[in-house]
Amino acid sequence: MYPNDLVKFWFKGKGHWSDVPDEKWLDWRWQMKNRLKNLNDFSQYLQLTSEEVHGLESAENRLSVAVTPYFMNLMDPIDPNCPIRKQVIPVENESQISEEELWDPVGEESSMPVESIVHRYPDRVLFLVTDRCAAYCRYCTRSRLVSNAQGYGFHPNIESGLNYVRNNTDVRDVLLSGGDPLLLSDDKLNYILTSLSEIDHVEFIRIGSRVPVFLPQRITKSLLDVFSNISNLWLSLHINHPSECTIDLKETTHKLATVGIPLGNQSVLLKGVNDNIETMKSLIHRLLMMKVKPYYLYQCDLIKGSSHLRTDVNTGIDIIRGLRGHTTGYAIPQFVIDSPNGGGKIPLSPNYASFNEDGSILLKNYSNKSYLYPALKDPLVSIIE
């Protein structure tokens, strides 16, 4: 097991902010108001490297920097290789652009029939409802849009998006994203969710959110009341490392599950964060302990300035091979590449089978032992006189 996997060792408390009264610490608006955003803020809590200093000084025209006090507590103050730091603290390498990296790495702009809607697959749409997040991941697929640091000027058109879904009866699945939808007010979320739930052909509503990870205080009773009234609502979380699985997050996911919200998780494979079998195994075990089903493991998209965080594709395949058969089947995510220029998600798996000319299949199990599965043959016919 990864060190301290037992729940009793998970992080809990206020950390650096132990003197802050509970009524403030537990208020998500206080957390947002007191986010760390610049070199001076982070210097109070971290021994920053020259690469991090350069990254913080030059990040604002690429992607804003913001980290909640809650999430700041999860960082190692000394180690620059801390997997939590790597995800949210910019470094100098972000300014180095490789030729294969793209402004719109998964081709969303070419699949936007109206503002705020990405319609790439036949029966489902992505509905972008905000450009704001509680904290900003340095590998963000929508760094062109999120935080408006690059001057994209995204202004979500909620009514246009709702009307598009109403008028396209082939759409049965709507995924709310952005930015992070859970930063919207309860009233606005309630309006969007209720409007979608009243559309007859919409069977399935999802919210993609990292807010419970950055800002578990946002999951208030009033928000849970909103969710409990939407019978076809699911929530996709984004948790990348075991250290993100805290007591506060566990309590939050249990609250969500209690009001009937199915929970899945989408991780991004990141160099130095979760690119080995033991770390990933620890993460997926903790997810199940929090009532969260590991869903996707994404190869990091070809975002500009992300080469220092991307692994090669074989790393992901090897991780899946190291999980399959070695832990609970429920815990194993599907490894996918969201292919460049709008090709959609392509699943990748280790090769466990080879096909013989006679139709039989040579199978290899998790321990690399071989087994022959016979070809399908016509049954013997008995003639009874």
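The values are calculated or read from the model by the stated rules, or taken from the named source; none is laboratory data. None of the values given here were measured: they were computed from a predicted structure. Cβ sites come from the backbone with ideal geometry, for glycine too, and all protein chains shown count toward neighbours.
Being over 21 Å from H254 (Cα atoms) and crowded, with 22+ Cβ neighbours inside 10 Å is a property that holds for G178.
Flag not set for P181, criterion: in contact with an Asp or Glu (Cβ under 7 Å, 6 or more places away or on another chain) and either closer than 19 Å to V88 by Cα or at pLDDT 95 or above (or both).
When the helices (runs of 4 or more DSSP H) confined to the range 14-120 are screened for residues that are basic (K, R) and buried (at least 18 other Cβ atoms within 10 Å of the Cβ), those reaching at least 1 such residues are found at 83-88.
What about V226, is it within 22 Å of I199 (Cβ to Cβ) and assigned by TED's automatic domain parsing to the domain that holds Q299?
Judged against the criteria, V226 is a match.
Only one entry in R142, R138 is charged (D, E, K, R), crowded, with 21+ Cβ neighbours inside 10 Å, modelled with pLDDT under 95 and in the same structural domain as L193 (by TED's automatic domain parsing), namely R142.
Exactly one residue out of S177, S143, S95, S111 is closer than 22 Å to R206 by Cα and in contact with a helix residue (DSSP H, G or I) (Cβ under 9 Å, 6 or more places away or on another chain): that is S111.
Summed over the range 259-295, the residues that are surrounded by fewer than 18 Cβ atoms within 10 Å (Cβ to Cβ), in contact with a helix residue (DSSP H, G or I) (Cβ under 8 Å, 6 or more places away or on another chain) and more than 25 Å from S306 (Cβ to Cβ) give a count of 6. D338 meets the conditions (1) closer than 22 Å to S367 by Cβ; (2) in a strand (DSSP E or B) in every case but one. The failed one is (1).
Kindly indicate whether D358 is touching a helix residue (DSSP H, G or I) at 6+ places or on another chain (Cβ under 8 Å) and either in a helix (DSSP H, G or I) or not assigned by TED's automatic domain parsing to the domain that holds V292 (or both). The answer is no for D358. Does the range 353-362 include one or more residues that are within 30 Å of G272 (Cα to Cα) and free of Cβ contacts under 8 Å to residues at least 24 places away in the same chain? No, the range 353-362 contains no residue that is within 30 Å of G272 (Cα to Cα) and free of Cβ contacts under 8 Å to residues at least 24 places away in the same chain. Filtering the range 242-259 to residues that are more than 22 Å from I230 (Cα to Cα) and of a type in the set (S, T, N, Q) leaves S243, T246.
Kindly indicate whether K281 is touching a strand residue (DSSP E or B) at 6+ places or on another chain (Cβ under 9 Å), basic (K, R) and over 24 Å from N368 (Cα atoms). It is false that K281 is touching a strand residue (DSSP E or B) at 6+ places or on another chain (Cβ under 9 Å), basic (K, R) and over 24 Å from N368 (Cα atoms).
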